Amino acid sequence: MMSTAALTRRAAPVLACLGLLAAWQVASLALKNDSFPTAIEAIRAIPDILGDKESLINILASLRRMALGFGAAVLISIPLGLLMGRSRSVAAFFNPLLMVIYPVPKAALMPIIMLWLGVGDITKTLVIFLGVSLPVIYHSFEGAKAVEEKMLWSGAAMGLSPAQRLVRIVLPAALPEILTGCRTGLVLALITMITSEMIARQSGAGNILFNALDMGQYDTVFAMIIIVGAMGICFDAIFEKVRARLVRWSEPQFDLPLSFS
Amino acid sequence: MTAVPARSSERVRPVTSREPASAIIEIDRVSQVFQTSARKDHIALSDISLTIEEGAFVSILGPSGCGKSTLLYIVGGFVSPTSGAARMKGQAITGPGPDRGPVFQEFALFPWKTVLGNVMYGPRQQGVRSTEAEAQSRALIEMVGLKGYENFYPKELSGGMKQRVALARTLAYHPEVLLMDEPFGALDAHTRTRLQNDLLNIWERDRKTVLFVTHSVDEAVFLSDKVVMMSKSPGRIREVIDIDLPRPRRRSELLLDPRYQKYVVDIERMFDESDEAGFAL
């Protein structure tokens, strides 16, 4: 049986969502503005979008680009970040490069990339890739830098080569930090996905959203915002589950040491 | 926790009748200089020569900053000396290797591995089959008094337990020399005493060569065959003292033994004198 406190904790997010929708509903009714549909109108439009084959193809195309961009970014950024964290010369080479790219909004690079690679999938995937890479590199770098020297020495004494130490000691030791970066990256992937489709409209969830905006279908616009938001929450929740499993050994509930010498 | 069982006394070789020991580690005119800033060098070790005999328990004793840990890291191959050389069985030490097993004050366990996973890591790396490595590791975990904790993660353990795991993890790959870097320095007094007793019991069973860095005079005298006293800035060997106390040693007997007390007092006095000399400068 669940305690009252646990029940409240479980219900809190649901209550927060309902509260937000209620506030939206009230605000919309009070403002009586055509471009601000009520929450109920927006929610009613969701089944229409999800039931439409064309829209689904668009959304799936977005998700595929997002998965590709995110996957490629993680695969390249983690090794790079770890190398930077363990080798001063690698860090000295890449750090200034990344410092220049970091503050630039990745979508701002898109017109240039479009000139080179066209308005198709490659450009959009590349923009997502760039958006995800930096936080993942940064967190992998910080994580690798923080790995205790003595832990590496212990591995070296057991006969692990430098490459083995990177994969079998630095990688697992830095994993909690790396996954923090990946989590940020995942949200950024969703954001850059939509932004890229805003700039180069052709297909995708962003395409539906901005086309609806052009045609004054405001209920569809807001319905898409809800859908994108829900996708973000789902991805994050799934990722959090995976993350918690992978780094169970570093979770704070393990922090209480037993009283024993 | 069960205490480590005392080894049968007939297996113990008394110190006095030990066969002529051969040198296992030679430290030959080793100096270590760290560049602290562009203009200033810090001489951590100055012209250290020391021979460690096989099967001996040797402590390096000195104040913090005397370079005693650095000396241990040089023997471990983790740090290269600025000049001079360290040799293991006549071979120049160029890097870490499984013949020299470190145990650090910081424990340095792999936090993503369980106790068993940590202890098995070395043997698995050496190519020991999984079932065999596990059996050996379980026996070692029992020997260090942690039976029942095989599936715990390091984060769930207290400092003393972590250091027991670290010791078992190093013993698991059968190093010829144990390099212990202030292993009990981060533990409370009670836990430290228990670990000293248990380490001595374990050591007196197979008499591995141990190089043990500490700043505690009692600890050094209680454990060692030989105490190497170091002074600081620059780190130099001040005195090498043979501790001629019978083994197996028991704390309760030893603390009452006037010979033990004399060693402790003499060594402390020597450190005090060098401190005063330092003031005079």
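Just a few scattered comments:
- Test: residue in segment B:125-139 that is within 9 Å of another protein chain (Cβ to nearest Cβ) and either touching a strand residue (DSSP E or B) at 6+ places or on another chain (Cβ under 7 Å) or assigned to a helix (DSSP H, G or I) (or both): yes
- Residue in segment B:252-268 that is of a type in the set (Gly, Ala, Ser) and in contact (Cβ under 8 Å) with a residue 24 or more places away in the chain present: no
- Checking A:Asn33 against (1) over 30 Å from A:Leu171 (Cβ atoms); (2) assigned to a helix (DSSP H, G or I); (3) free of Cβ contacts under 8 Å to residues at least 40 places away in the same chain, the condition it does not meet: (2)
- In the condition set (1) surrounded by 17 or more Cβ atoms within 10 Å (Cβ to Cβ); (2) touching a Gly at 6+ places or on another chain (Cβ under 7 Å), B:Gln126 is compliant with all but (1).
- Selection from segment A:91-111 of residues that are loosely packed, with under 12 Cβ neighbours inside 10 Å and of a type in the set (Val, Ile, Thr): A:Val100, A:Val104
Quick grid of which residues meet (1) assigned to a loop (DSSP other than H, G, I, E, B); (2) within 14 Å of chain A (Cβ to nearest Cβ); (3) within 30 Å of B:Ala135 (Cβ to Cβ):
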| position | (1), (2), (3) |
| --- | --- |
| B:Leu50 | no, no, no |
| B:Gly65 | yes, no, no |
| B:Ala85 | no, no, no |
| B:Pro96 | yes, yes, yes |
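A quick yes/no check of all residues on (1) more than 26 Å from A:Leu126 (Cα to Cα); (2) within 24 Å of the chain's Cα centre (by Cα); (3) among the hydrophobic types (A, V, I, L, M, F, W, C); (4) assigned to a loop (DSSP other than H, G, I, E, B):
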| residue | (1), (2), (3), (4) |
| --- | --- |
| A:Gly143 | no, yes, no, no |
| A:Lys150 | yes, no, no, no |
| A:Leu160 | yes, no, yes, yes |
| A:Ala163 | yes, no, yes, no |
| A:Pro172 | yes, yes, no, no |
| A:Thr184 | no, yes, no, no |
| A:Asn207 | no, yes, no, no |
| A:Cys234 | no, yes, yes, no |
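- When B:Thr170, B:Thr214 are checked against the criterion of being within 30 Å of B:Val33 (Cα to Cα), in the same structural domain as B:Glu134 (by TED's automatic domain parsing) and crowded, with 21+ Cβ neighbours inside 10 Å, a single residue qualifies: B:Thr170.
This table checks each residue for (1) within 14 Å of another protein chain (Cβ to nearest Cβ); (2) touching a strand residue (DSSP E or B) at 6+ places or on another chain (Cβ under 7 Å).
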| position | (1), (2) |
| --- | --- |
| B:Thr193 | yes, no |
| B:Val210 | no, yes |
| B:Val240 | no, yes |
| B:Arg247 | no, no |
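- Residue check, B:Gly160 buried (at least 21 other Cβ atoms within 10 Å of the Cβ) and either basic (Lys, Arg) or touching a residue at least 24 places away in the same chain (Cβ under 8 Å) (or both): yes
- Qualifying position, being of a type in the set (Gly, Ala, Ser), part of a helix (DSSP H, G or I) and within 30 Å of A:Leu152 (Cβ to Cβ), among A:Ala91, A:Ala27: A:Ala91
- Hits in segment A:145-174 (condition: within 18 Å of A:Arg243 (Cβ to Cβ), of a type in the set (A, V, I, L, M) and either in contact with a helix residue (DSSP H, G or I) (Cβ under 6 Å, 6 or more places away or on another chain) or within 9 Å of another protein chain (Cβ to nearest Cβ) (or both)): A:Ala173, A:Ala174
- Of the candidates A:Gly131, A:Gly85, A:Gly118, the single residue that is surrounded by 11 or more Cβ atoms within 10 Å (Cβ to Cβ) and within 18 Å of the chain's Cα centre (by Cα) is A:Gly131.
- Count of segment B:111-124 residues which are closer than 19 Å to A:Glu148 by Cα and either outside any loop (DSSP other than H, G, I, E, B) or within 7 Å of another protein chain (Cβ to nearest Cβ) (or both): 8
- Yes/no for B:Tyr173 being facing another protein chain (nearest Cβ under 8 Å) and of a type in the set (Phe, Trp, Tyr): yes
The values are calculated or read from the model by the stated rules, or taken from the named source; none is laboratory data. Computed from a predicted model, the values in this text were never measured in an experiment. Methodologically, a virtual Cβ is constructed for each residue, glycine included, from the backbone with ideal geometry; neighbour enumeration extends over all protein chains shown.
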